[in-house]
Amino acid sequence: MNPNQAPRTRVRLRYRKMGRIRFTSHRDVARIWERSLRRTGLPVAQTEGFSPRAKLHFGLALATGYESDAEYLDVDFKSGEMTVDEVLKALVGVLPDGIEATGGAILAPGATSLQQAVTICDWDIELLDVASGDLAQWVDQVLGAATLMVTRERKGQKITDDLAPQVRALEVGEPTSRGVRLLATLGTQPRAARPSELLAAQEPVHRPVLIRRTRQWIEQDGARLEPLEVGAAPAQHTLVGVQ
Amino acid sequence: MSLWPELELVLPDVSKPARYIGGEGGMATPEHHPSKVAWLLAYPDTYEIGLPNQGLQILYEILNERDDSVAERAYAPWVDMEAEMRAAGLPLFSVDTHRRAAVFDVLAFNLSAELVYTNLLNCIDLTGVPVRAENRADDDLLIGAGGHCTYNPEPLADFVDFFVLGDGEEVVSEINAVVRDWKRSGKKSRQSVLRALAAVEGVYVPSLYDVAYDGPALVSITPRFADVPAVVEKRTVADLAEWPYPKQQLVPLTEVVHDRLNVEVFRGCTRGCRFCQAGMITRPVRERPAEQVRTMVADGLARSGYDEVALTSLSTADFSGITEVVSATMDCGAGEVSVSLPSLRVDAFTVGLAAQIQRARRTGLTFAPEAGSWRMRQVINKLIDERDLYGAVESAFSQGWRRMKLYFLTGLPTETDVDTLAIGELARNCVELGRAHTKNPSVTVSLGGFVPKPFTPFQWFGQNTVSELQRKVFLLRDDIKRNRGVQMKWHDPKASLVEGIASRGDRRIGRVIEEVWRQGGTFQEWSEHFDYDRWTQAMAKHGLSVDWYVHRHRTEDEVLPWDHLSAGLHKDFLWQDWRDALNEVGLEDCRWTPCYDCGACTGYSIEHIVASATPPAGGSQGTGQVPTGYQPPAAVAVQLSGVGARNSA
């Protein structure tokens, strides 16, 4: 049989990345998923060719050191009969401490890739050594600024961007035992804005102790949808949430 | 207890922070207790290099299985992390539970390479205990070391409390019992625990020995007390089947070298290559039963999720029934698991084996002819015929490989430029063989500078100078640079020189290692941190001659810095083998031929454990004779016309 015509299921999974495992890189996490899926024994589809690999599709990279409540990946299975329940059950006990699958959906054929579909992310940023009042003032300055120029280096070249259009929301959150939380919503298109860039965009520069992505959103016709809600195969409605 | 709250503040600022988080699959979560000995097992190089170390993982499991010990792991922090740690006042820590090193009872290092010696000093310093053993308080951490480099521990004798020679599986529990008693009695006297450790077979406590010199010459190393052994014998595990470790190989969260399942199929090697320290000090050959190998592979793959397994040993193609074991391994992976055989002898690499290992995915293929000419290979006793090499290369190309790596040494005893240039000819012939199967065959020649090692027949040989090694490297490079399909890589001859200083150095070299470390010379095995001038300047500062330690030929009657240690090998056997080498006389593999009494079996009343009484099929099997009925591939036969003539000369 031509493998291109073999029955396939594409499952979108949501997972957490918490605790010390947050210091692994995006590449590390991809390898962790490959090994964990092999341990489940589920029929994950493989690429063709010289060096076959599992067909996994990851979304927006999470910077090394950041935690997340809402990471996503799409997995292709070489079976038309997969259910989300079956996949989530098989993953229990095979993922390392700190990574936990929290939901999934069967995708309709031709669903947009995660990287392109997600337009904004919510961030929870814990800052050290700053009082709530001072942070509120800082937030006002950021929101009031006409432009927020940030410079980054890419392949040895300095590139300057205006971050202001990417700051979709910003507010002071609850105090913590070590400092204060800053809640931010940042745009991802055409390039995902990083919380570290936001913190560097306005004096005084605050020191984050923990940064966590709390949600990723797809904006569609003015509504915000979770990636599990978009592209789900209409007939199945197999959205499973554990959150 | 845990330093994690402080560590997580510095980790965002260092490169590859996942090196420091632990959390691997198979990690132990030990419960420390005053009645248990706490071991911190350390590898004095980066996490990526150290994590896969099988010796360390075996001891980690054995100690965590015992009810009177716990073990955690530590690795050398990279330079950026070390700077952050020193700035924040953070000590060396375990990656398992992030405890500070000082709360452990023993800090035990695995020593696999000489260039990490300065890292060992740095790790000790980061624990907060004095770097010199003589300055330590009664209840300070005990510093131990094991691994191949401890067959000449003298350069580290001033810094390490005890060394262990040989296999660690059994002796680690005996050491644990001694330390446990010392801990339970309140760690009152360091001297008493060191004396008790010296009584354990295989343990060497350097501070209990006096060293005498006459000018530059070493005169003697003798025990200071009657109950301390004059000669420390290595430890050998008689039967590998009793030690199916690691059972829970660690599965790291971040990328490391050898990132795959590793199953040791046998220990020891009697091929008798005269340059190879590992082959001399790990005798005799002890094969793991094939059935146990299959179980360890199947369980390990299911547990880890790896899709690659390496069957490890010093020469895996020599394993009895290797083709069947590889075939069974491929079957249990349902066609998605690849097998790599890291040490392959060309005379045992057959078409059948090549066909098996390429079923899932072709892993890299490295052969080690070691020398370019048959004369040179007789000197080093690597008795593989050119036809063996071409047969193996032909097998690989015919099974779809397009590139391979050939490993050679230069700077070998009696080597002439004819021998060096013969490497180029071998490589060219291999590429020609490949053209029958692929448009762009590629052969990479990897050239290392030979460093003589203790307990080998070449321990008396004067190492080539840096300029001589460099000259030979460039000679070969210029010879092959016009050949399409042949690439060349080489090791820095200056690094070989520093390795030579430590490899056969005596106790006085400790001052040089300390000097280089104090000047910031860590990670010397990393080319971006290696500093040759620091080493030569430190040698000069302490009045020690590089020429005397490295380039001088040693004499038969000379006292060697490791004469008070024993790997079982008779010194007169080694000397005879050295004379045989100079006379270009080869010596056959004793696992399939009668014993010639090197001492490794007879001295310890043990013997080879080999399932097959005959060598695996194929090749000349170290005899240099092509067996009856052996059919070289057609393409080889054409190539051989010139080569064969030189062989018989």
Report task. Within the stretch B:382-397, identify whether any single residue is out of contact with any strand residue (DSSP E or B) (no Cβ under 6 Å at 6 or more places or on another chain) and surrounded by fewer than 20 Cβ atoms within 10 Å (Cβ to Cβ), and answer yes or no. Result -> no
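Considering only the stretch B:236-254, state which residues are outside any loop (DSSP other than H, G, I, E, B) and buried (at least 21 other Cβ atoms within 10 Å of the Cβ). Write out each step before concluding.
First pass over the stretch B:236-254, keeping only residues outside any loop (DSSP other than H, G, I, E, B): B:240-242, B:251.
Across the stretch B:236-254, the qualifying residues are B:Leu240, B:Val251.
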Report task. Look at the stretch A:151-168 and say how many of its residues are part of a strand (DSSP E or B) and either among the polar types (S, T, N, Q) or closer than 14 Å to A:Leu199 by Cα (or both). Result -> 6
**Report entry** In the stretch A:199-217, the residues that are in contact with a strand residue (DSSP E or B) (Cβ under 6 Å, 6 or more places away or on another chain) and away from every other protein chain (no Cβ under 14 Å)
**Finding:** A:Ala201, A:Arg213, A:Thr214, A:Arg215, A:Gln216, A:Trp217
Query raised in the report: Looking at the stretch B:255-277, which of the residues that are within 14 Å of another protein chain (Cβ to nearest Cβ) and in contact with a strand residue (DSSP E or B) (Cβ under 6 Å, 6 or more places away or on another chain) is surrounded by the most Cβ atoms within 10 Å (Cβ to Cβ)?
Result: B:Leu261
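Restricting attention to the stretch A:124-150, and to residues there that are assigned to a strand (DSSP E or B) and of a type in the set (Val, Ile, Thr), which single residue is nearest to A:Leu170 (Cα to Cα)?
Our first condition is that a residue be assigned to a strand (DSSP E or B); within the stretch A:124-150, this holds for A:124-128, A:149-150.
Then keep just the ones that are of a type in the set (Val, Ile, Thr); that gives A:125, A:150.
Values: A:Ile125: 11, A:Val150: 17 Å.
The selected residue is A:Ile125.
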Query raised in the report: When residues of the stretch B:175-207 are filtered for being crowded, with 16+ Cβ neighbours inside 10 Å and charged (D, E, K, R), how many remain?
Result: 5
Report summary line: From the option list B:Val636, B:Val610, B:Val643, B:Val585, single residue qualifying as among the β-branched types (Val, Ile, Thr), surrounded by 18 or more Cβ atoms within 10 Å (Cβ to Cβ), more than 22 Å from B:Leu560 (Cβ to Cβ) and modelled with pLDDT of 85 or more is B:Val610
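Any residue at all in the stretch A:16-31 that's more than 9 Å from chain B (Cβ to nearest Cβ) and in a strand (DSSP E or B)?
Yes, because at least one residue in the stretch A:16-31 is more than 9 Å from chain B (Cβ to nearest Cβ) and in a strand (DSSP E or B).
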Query raised in the report: When residues of the stretch B:1-11 are filtered for being surrounded by fewer than 20 Cβ atoms within 10 Å (Cβ to Cβ) and either more than 7 Å from every other protein chain (Cβ to nearest Cβ) or not aliphatic (A, V, I, L, M) (or both), how many remain?
Result: 7
Query raised in the report: Does B:Arg224 count as within 14 Å of chain A (Cβ to nearest Cβ) and farther than 26 Å from B:Pro457 by Cβ?
Result: no
Query raised in the report: Which pairs have Cβ atoms under 6 Å, sit 6 or more apart or on different chains, and link a residue in the stretch B:250-270 that is more than 11 Å from B:Glu308 (Cβ to Cβ) to one that is at pLDDT below 95 and part of a strand (DSSP E or B)?
Result: B:Val263/B:Leu311; B:Glu264/B:Thr312; B:Val265/B:Leu311
**Report entry** Index of the failed condition, B:Thr438 passing every other in (1) surrounded by fewer than 21 Cβ atoms within 10 Å (Cβ to Cβ); (2) more than 30 Å from B:Asp259 (Cα to Cα); (3) over 26 Å from the mean Cα position of the chain (by Cα); (4) in contact (Cβ under 8 Å) with a residue 40 or more places away in the chain
**Finding:** (2)
Query raised in the report: Which residue, of B:Met280, B:Met296, is away from every other protein chain (no Cβ under 14 Å) and more than 16 Å from the chain's Cα centre (by Cα)?
Result: B:Met296
Query raised in the report: So is B:Trp78 within 14 Å of another protein chain (Cβ to nearest Cβ), touching a residue at least 60 places away in the same chain (Cβ under 8 Å) and buried (at least 17 other Cβ atoms within 10 Å of the Cβ) or not?
Result: yes
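Here is a yes/no grid of residues against (1) under 24 Å from B:Tyr306 (Cβ atoms); (2) modelled with pLDDT under 95; (3) of a type in the set (Gly, Ala, Ser):
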| site | (1), (2), (3) |
| --- | --- |
| A:Pro52 | yes, yes, no |
| A:Gly59 | no, yes, yes |
| A:Gly65 | no, no, yes |
| A:Ala70 | no, no, yes |
| A:Ala90 | yes, no, yes |
| A:Gly104 | no, no, yes |
| A:Gln115 | no, yes, no |
| A:Leu128 | no, yes, no |
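Quick one: would you say A:Ala63 is in the same structural domain as A:Pro208 (by TED's automatic domain parsing) and surrounded by fewer than 19 Cβ atoms within 10 Å (Cβ to Cβ)?
Numbers: in the same structural domain as A:Pro208 (by TED's automatic domain parsing): no; surrounded by fewer than 19 Cβ atoms within 10 Å (Cβ to Cβ): yes.
No, not satisfied.
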Query raised in the report: Out of the residues in the stretch A:67-90 that are touching a helix residue (DSSP H, G or I) at 6+ places or on another chain (Cβ under 6 Å) and within 13 Å of chain B (Cβ to nearest Cβ), which is surrounded by the fewest Cβ atoms within 10 Å (Cβ to Cβ)?
Result: A:Ala90
Query raised in the report: Which of the residues that make up the stretch B:38-63 are surrounded by 20 or more Cβ atoms within 10 Å (Cβ to Cβ), within 14 Å of chain A (Cβ to nearest Cβ) and in a helix (DSSP H, G or I)?
Result: B:Tyr47
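Taking the options A:Val29, A:Val11, A:Val87, name whichever one is within 22 Å of B:Asp259 (Cα to Cα), touching a residue at least 40 places away in the same chain (Cβ under 8 Å) and not assigned by TED's automatic domain parsing to the domain that holds A:Trp123.
On the way: A:Val11 fails: within 22 Å of B:Asp259 (Cα to Cα); A:Val87 fails: within 22 Å of B:Asp259 (Cα to Cα).
Step by step, each of A:Val29, A:Val11, A:Val87 is checked, and only A:Val29 is within 22 Å of B:Asp259 (Cα to Cα), touching a residue at least 40 places away in the same chain (Cβ under 8 Å) and not assigned by TED's automatic domain parsing to the domain that holds A:Trp123.
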Query raised in the report: Pairs, please: C-beta under 8 Å, at least 6 apart or cross-chain, first residue more than 10 Å from every other protein chain (Cβ to nearest Cβ) and in the stretch B:21-37, second part of a strand (DSSP E or B) and hydroxyl-bearing (Ser, Thr, Tyr)?
Result: B:Lys36/B:Ser69; B:Val37/B:Ser69
Query - Answer from A:Leu182, A:Leu95 - the residue that is assigned to a loop (DSSP other than H, G, I, E, B), at pLDDT 95 or above and crowded, with 17+ Cβ neighbours inside 10 Å - result: A:Leu95
Report summary line: The lone condition B:Met280 fails out of (1) crowded, with 20+ Cβ neighbours inside 10 Å; (2) of a type outside the set (S, T, N, Q); (3) at pLDDT below 95 is (3)
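The values are calculated or read from the model by the stated rules, or taken from the named source; none is laboratory data. Because the structure is a prediction, the values reported are computed rather than measured. Cβ sites come from the backbone with ideal geometry, for glycine too, and all protein chains shown count toward neighbours.
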